[in-house]
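The values are calculated or read from the model by the stated rules, or taken from the named source; none is laboratory data. Quick caveat: nothing in here was measured; it's all calculated off a predicted structure. Heads up, the Cβs are rebuilt from the backbone with ideal geometry, glycines too, and the neighbour counts pull from every protein chain shown. To get the accessible areas, we keep the full protein, side chains included, count just its heavy atoms, and leave off ligands, DNA and RNA. Shrake-Rupley method; radii C 1.70, N 1.55, O 1.52, S 1.80 Å.
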Amino acid sequence: MFRNTYDSDNTVFSPQGRLHQVEYALEAVKQGSAAVGLRSKTHSILLALKVCYIFCSYVQITLIDCQRSTGELASYQQKMFRIDDHVGIAIAGLTSDARVLSNFMRQQAMSSKMAFNRPVPVNRLVSAIADKAQVNTQEYGRRPYGVGFLVIGQDRSGPHLYEFSPSGNSYEYYAMSIGARSQSAKTYLEKHYESFADCSLEDLIKHGLHALRETLQQDKDLNVNNTSIGIVGAPSVHEKTTNVSFRILEGETIQPFLDTMVPKDAPAAAPAPPASTDEDVQMAE
C-alpha cells in the first residue's frame, strides 16, 4: 500500500532525511493543469490552461480537455482567483485546498487594510500562506495542502511574481511555470527571460502564451475556451477599460492576444544575406 514504512505520516523523516507525505503533495501540484507567470518593470501577468470535468450521475468520471467536452454536462475548472485589488493567483492542484488558502489570503488582505489603511505588501501575504502551509508539514494529524500557487501583485516596490508550494516554501521569480508538463514552459521562459523586464504588456502576454502552449499536446492549441489571462498593471490597447487592478480576461476578450501568436508550423525566418564588402570602383576617364 505504501512506498515504504516512512510515508504513512508527515512528521516522520526517512533515513534519507525526506518527508514523503510532503513530496506526495508536491506531486499533486504536478498533476494539475499548467499555469505560467511573468513580470516586467511595469506589469505582472498570469496565464492558465483551463480544463473541464464531466459528471455522470453522481460520480465524476473523467477529466478532459475543454475542446473535447460537449453538452451541458461539462463545467470549467476555475484556475484564477482575485485576492485583492492588487493581488491575484493562479493554481495547480486541488481546487478545494486552493479555495481555503485563497479565503485565508483575502482575510489577511482585509485585515491589513483595516488596521493600517493600506494594501498589504505582496511578500507579506505570500509569507503568511507559506507559514500556514508549513504547520501542516510539522504537526501530527494534519496533511499538507495539495495545491501550488503563482501569486502576482503590485505594491510600492513594483510588480511581483511569487511561487508558493505545499512544502511551505515561497520564491520570487521573473518568470515561472507550475502544473503538468510545466518543464517545457520553463525551458521557453529560460531562453527569453532576459527580455521580459523591458517588454510591453502585449509582448509579455505573447511570451506567456507561447510558454503555455509548450505544455499542450502536439495536436492541441490555445483558444478562447481553454485559456485565462490575469493582469496587474495598466491596461493594454486591446482592453476596453482604464482599470489597473487585478483582472481576469477570458472568452472573446483574449482573442486579440491569441492572434499575435506565431503559429507552431511557421517556418523559421530566413537569415538576411550578408552585406557585400566589395566597393564599386569608379573608373577615371
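Just to verify a result, which residue in the stretch 164-176, among those that are in a loop (DSSP other than H, G, I, E, B) and in contact with a strand residue (DSSP E or B) (Cβ under 9 Å, 6 or more places away or on another chain), is most open to solvent (accessible area, probe 1.4 Å)? Looking at residues that are in a loop (DSSP other than H, G, I, E, B) and in contact with a strand residue (DSSP E or B) (Cβ under 9 Å, 6 or more places away or on another chain), I get Y174.
Taking (1) open to solvent by 50 Å² or more (accessible area, probe 1.4 Å); (2) part of a loop (DSSP other than H, G, I, E, B); (3) at pLDDT below 90 in turn, S69 satisfies each apart from (1). For the stretch 120-131, does any single residue satisfy the condition of being assigned to a helix (DSSP H, G or I), closer than 30 Å to Y6 by Cβ and open to solvent by 70 Å² or more (accessible area, probe 1.4 Å)? Looking for residues that are assigned to a helix (DSSP H, G or I), closer than 30 Å to Y6 by Cβ and open to solvent by 70 Å² or more (accessible area, probe 1.4 Å), one finds at least one in the stretch 120-131, hence yes.
Restricting the first member to the stretch 235-253 and to residues that are without any contact (Cβ under 8 Å) to a residue 24 or more places away in the chain and open to solvent by 60 Å² or more (accessible area, probe 1.4 Å), and the second to residues that are part of a helix (DSSP H, G or I) and hydroxyl-bearing (S, T, Y), the beta-carbon pairs closer than 9 Å and six or more apart or on different chains are K240/T253.
Applying the criterion of being part of a loop (DSSP other than H, G, I, E, B), at pLDDT 65 or above and not hydroxyl-bearing (S, T, Y) to the residues of the stretch 40-66, the residue that is farthest from P235 (Cα to Cα) is K50.
Within the stretch 177-214, the set of residues being open to solvent by less than 20 Å² (accessible area, probe 1.4 Å), in contact with a Gly (Cβ under 7 Å, 6 or more places away or on another chain) and either charged (D, E, K, R) or under 14 Å from A48 (Cβ atoms) (or both) comprises I178, G179.
Table: residues versus (1) aromatic (F, W, Y); (2) outside any loop (DSSP other than H, G, I, E, B); (3) open to solvent by 20 Å² or more (accessible area, probe 1.4 Å); (4) touching a residue at least 60 places away in the same chain (Cβ under 8 Å).
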| residue | (1), (2), (3), (4) |
| --- | --- |
| Y6 | yes, no, yes, no |
| T11 | no, no, yes, yes |
| P15 | no, no, yes, no |
| R18 | no, no, yes, no |
| Q21 | no, yes, yes, yes |
| E27 | no, yes, yes, no |
| L38 | no, yes, no, yes |
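A Cβ distance below 6 Å, combined with a sequence gap of six or more or placement on separate chains, defines the contacts here; from the stretch 159-184, residues that are closer than 14 Å to N123 by Cβ and among the small types (G, A, S) reach residues that are at pLDDT 95 or above and not in a strand (DSSP E or B) in the pairs S170/V126; S170/A130. Residues of the stretch 240-252 that are more than 18 Å from R82 (Cα to Cα) and under 21 Å from the mean Cα position of the chain (by Cα): E252 alone.
In the stretch 143-160, of all residues being in a strand (DSSP E or B) and open to solvent by less than 10 Å² (accessible area, probe 1.4 Å), the one that is nearest to G93 (Cα to Cα) corresponds to V147.
So, of the residues in the stretch 77-119 that are surrounded by fewer than 21 Cβ atoms within 10 Å (Cβ to Cβ) and of a type in the set (K, R), which turns out to be farthest from H160 (Cα to Cα)? Among those residues, the one meeting the criterion is R99.
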